[in-house]
Amino acid sequence: MSRTPRRRRLLPPLNAVRAFEAAARHGSLVQAAAELGVTHGAISRQVHLLEEWLGAPALFRRLSRGVGLTPDGDALLAEFGPALDRIAAAARRHRDRGGEPAATVLRVNALATFSLRWLLPRLPRFRAEHPGIEVRLTTSNEPVDALAEEHDVVIRGGPDVFHGYVSYPVVAERRLPVCSPAILERNALQTVADLEHHALLHVATMPRLWRDWLTEAGHAGLQPLAALTLDHFYLSIQAAIDGLGVAMGPTTLVGDDLAAGRLVAPFPAISLPARSYFAYLPERDPIDPSGQIFCAWLASVSERAETRP
């Protein structure tokens, strides 16, 4: 593959850069010499060479014991140190690969609660099945077309249409009541009417959920024992796990807790429809194959969960 020629870099002598960075970090030419395995005189000559190459002002000032950085030397160290760290890290990764190709970086942006409760617990499985793809996950709730940076995969509700993006279904979702098993030991939930003896956990951003579900269940006028409103789904789910009341649980976000027995669904036959989760990929020519692999894997994980006994 041809590459666009780049302008030749004007770099200082790299041995001189290493000598300067070590001396600046230690505040001592002697200790820098010990670290790099050279003589004190060699460090001094390399620092002098760098100062000559750069020109005035000086980088070091002599102290009674050791050396100290001038303001200009301090500014240079702030740039040289991280640059040498990146070079060392790149070399280490190259050695560690042992000739294996570098992993493809896949930049994924997903909703925070979805990431926390569904995606993150499953990513180790993706890494094991696709070691050649490195997922870098960030979270936000911004619309797909309002993100400040471009990502390879964006996971949001759907289906929606965004110009310049193709979409893939990830996981379907419904919403139903969930609670801790400990709650059922204190107060039975054999019928919907029994909810009048329980506290209902609400989500501030979706205040009609319980009202809609009770209407769907034929108990629109039910008055619960108490009500508690929280900011987000992840808070209401955690409150339900902790035994504070009965929450409306999105099936995607509570599926692992139901499977592990941390939560139970007393009325599994009555649920509300919800927007599914979709993966949105920028339209590129060709479409990024690692993004397609990731989306296909997400769908397969969802299908396995739906068919799990």
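The values are calculated or read from the model by the stated rules, or taken from the named source; none is laboratory data. Source: prediction; values computed, not measured. All Cβ positions, glycine included, derive from the backbone under ideal geometry; neighbour counts span all protein chains shown.
In region 6-60, the qualifying residues are those that are aliphatic (A, V, I, L, M) and part of a loop (DSSP other than H, G, I, E, B), and the one that is farthest from Leu84 (Cα to Cα) is Ala56.
Report yes if some residue within region 125-136 is over 18 Å from Leu253 (Cα atoms), part of a loop (DSSP other than H, G, I, E, B), free of Cβ contacts under 8 Å to residues at least 24 places away in the same chain and touching a helix residue (DSSP H, G or I) at 6+ places or on another chain (Cβ under 9 Å); otherwise report no. Looking through region 125-136, none of the residues is over 18 Å from Leu253 (Cα atoms), part of a loop (DSSP other than H, G, I, E, B), free of Cβ contacts under 8 Å to residues at least 24 places away in the same chain and touching a helix residue (DSSP H, G or I) at 6+ places or on another chain (Cβ under 9 Å). Residues in region 153-164 that are modelled with pLDDT under 90 and either touching a Leu at 6+ places or on another chain (Cβ under 8 Å) or not in a loop (DSSP other than H, G, I, E, B) (or both): Gly158 only.
The set of residues in region 194-219 being of a type in the set (Gly, Ala, Ser) and over 13 Å from Ile270 (Cβ atoms) consists of Ala199, Ala204.
Do the conditions hold for Ala89, that is, is it exposed (fewer than 12 other Cβ atoms within 10 Å of the Cβ) and in a loop (DSSP other than H, G, I, E, B)?
Details: exposed (fewer than 12 other Cβ atoms within 10 Å of the Cβ): yes; in a loop (DSSP other than H, G, I, E, B): no.
No: the conditions fail for Ala89.
Flag set for Val105, criterion: out of contact with any His (no Cβ under 7 Å at 6 or more places or on another chain), in a strand (DSSP E or B) and more than 29 Å from Gly249 (Cα to Cα).
The residues of region 173-206 that are assigned to a helix (DSSP H, G or I) and among the aliphatic types (A, V, I, L, M), listed by number, are Ala182, Ile183, Leu184, Val192, Ala193, Leu195.
If you check Glu303 against the conditions, is it in the same structural domain as Val161 (by TED's automatic domain parsing), acidic (Asp, Glu), under 14 Å from Val171 (Cβ atoms) and surrounded by fewer than 17 Cβ atoms within 10 Å (Cβ to Cβ)? So Glu303 passes the test.
State yes or no: is Ala227 over 21 Å from the mean Cα position of the chain (by Cα) and either part of a loop (DSSP other than H, G, I, E, B) or more than 14 Å from Phe114 (Cα to Cα) (or both)?
On the way: over 21 Å from the mean Cα position of the chain (by Cα): yes; either part of a loop (DSSP other than H, G, I, E, B) or more than 14 Å from Phe114 (Cα to Cα) (or both): yes.
So Ala227 passes the test.
Residue-by-condition table, conditions (1) of a type outside the set (Val, Ile, Thr); (2) out of contact with any helix residue (DSSP H, G or I) (no Cβ under 6 Å at 6 or more places or on another chain); (3) farther than 30 Å from Asn109 by Cα:
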| residue | (1), (2), (3) |
| --- | --- |
| Glu216 | yes, yes, yes |
| His219 | yes, no, yes |
| Leu228 | yes, yes, yes |
| Ala279 | yes, no, no |
| Gly291 | yes, yes, no |
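Go through Leu63, Leu147, Leu69 for me and flag whichever is crowded, with 16+ Cβ neighbours inside 10 Å and either more than 28 Å from the chain's Cα centre (by Cα) or modelled with pLDDT under 85 (or both).
Numbers: Leu63 fails: crowded, with 16+ Cβ neighbours inside 10 Å; Leu147 fails: crowded, with 16+ Cβ neighbours inside 10 Å.
From the options Leu63, Leu147, Leu69, the qualifying one is Leu69.
Among the residues of region 134-162, those identified as under 20 Å from Leu123 (Cβ atoms) and among the hydrophobic types (A, V, I, L, M, F, W, C) are Val135, Leu137, Val153, Val154, Ile155.
Output the residues belonging to region 207-220 that are of a type in the set (A, V, I, L, M, F, W, C), assigned to a helix (DSSP H, G or I) and more than 18 Å from Leu253 (Cα to Cα). Passing the criteria: only Leu214.
Within region 272-279, the presence of a residue that is surrounded by fewer than 17 Cβ atoms within 10 Å (Cβ to Cβ), in contact (Cβ under 8 Å) with a residue 24 or more places away in the chain and among the aromatic types (Phe, Trp, Tyr) is excluded.
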